[in-house]
1. Among Val33, Tyr46, Ala6, whose Cα lies farthest out toward the positive end of the dipole of the chain, if unit charges sit on the beta carbon of Lys, Arg (+1) and Asp, Glu (-1)?
2. Between beta-carbons, use under 13 Å as the cut-off and find the net charge around Ser82, counting Lys and Arg +1, Asp and Glu -1.
3. Helix 70-81 versus the longest principal axis of the chain: what angle, 0 to 90°, nearest 10, using Cα atoms?
4. If you roll a 1.4 angstrom probe over the protein chains with everything in place, what fraction of the accessible area of the chain belongs to carbon and sulfur, to the nearest %?
5. Rolling a 1.4 angstrom probe over the protein heavy atoms, how many square angstrom per residue are accessible across the chain?
6. Between Thr29 and Glu50, how many nm apart are label points set 7 Å from Cα along the C-beta direction?
7. Could you work out the relative contact order of the chain? I mean the mean sequence separation of Cα pairs under 8 Å and 6+ apart, divided by the number of residues, in percent.
8. Report the percentage of all Cα-Cα pairs in the chain whose separation exceeds 17 Å, rounded to a whole percent.
Amino acid sequence: MKMVTAIIKPFKLDDVREALSEAGVQGITVTEVKGFGRQKGHTELYRGAEYVVDFLPKVKIELAIPDELLDRVIEAIRKSASSGKIGDGKIFVMNLEQAVRIRTGESGVEAL
């Protein structure tokens, strides 16, 4: 099993969710986060004063999947989250040792 974490632009969330559903993903967790990478933030004007926005709003998507879905999931996220501009985000993949469904006690892939 794998844990996939993707950091994307907020306006791409619906596109990514639809692409993941088509790829066979049954559930995701979404968190609103802030961060910066190569974008380094930007300058905004508010009430005549200029200030620097260091952390930009992003969305973090987390999903636990069986190993066989990994390539399909990565490609679905990459295609649907891409705008071709800096700040499109990143995908991180980690090994997932155990998953347990609280309600039924199922574990492993059956718990996903």
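The values are calculated or read from the model by the stated rules, or taken from the named source; none is laboratory data. Computed from a predicted structure; not experimentally measured. When we count neighbours, we look across all protein chains shown, and the Cβ atoms used for this are built from the backbone with ideal geometry, even at glycine. Please note that ligands, DNA and RNA were not included when accessible areas were found on the heavy atoms of the full protein model with its side chains. Shrake-Rupley method; radii C 1.70, N 1.55, O 1.52, S 1.80 Å.
1. Positive-end residue among those listed: Tyr46.
2. Working: positive: Lys9, Lys12, Arg78, Lys79, Lys85, Lys90; negative: Asp15, Glu75, Asp88.
Net charge around Ser82: +3.
3. Helix 70-81 and the main axis of the chain meet at about 30 degrees.
4. 50
5. Details: 7670 Å² over 112 residues.
Value for the chain: 68 Å² per residue.
6. 4.1
7. On the way: 185 pairs, mean separation 46.9, N = 112.
Dividing the mean separation by the residue count of the chain yields 42 percent.
8. On the way: 3636 of 6216 pairs.
Beyond 17 Å sits 58 percent of the P(r) for the chain.
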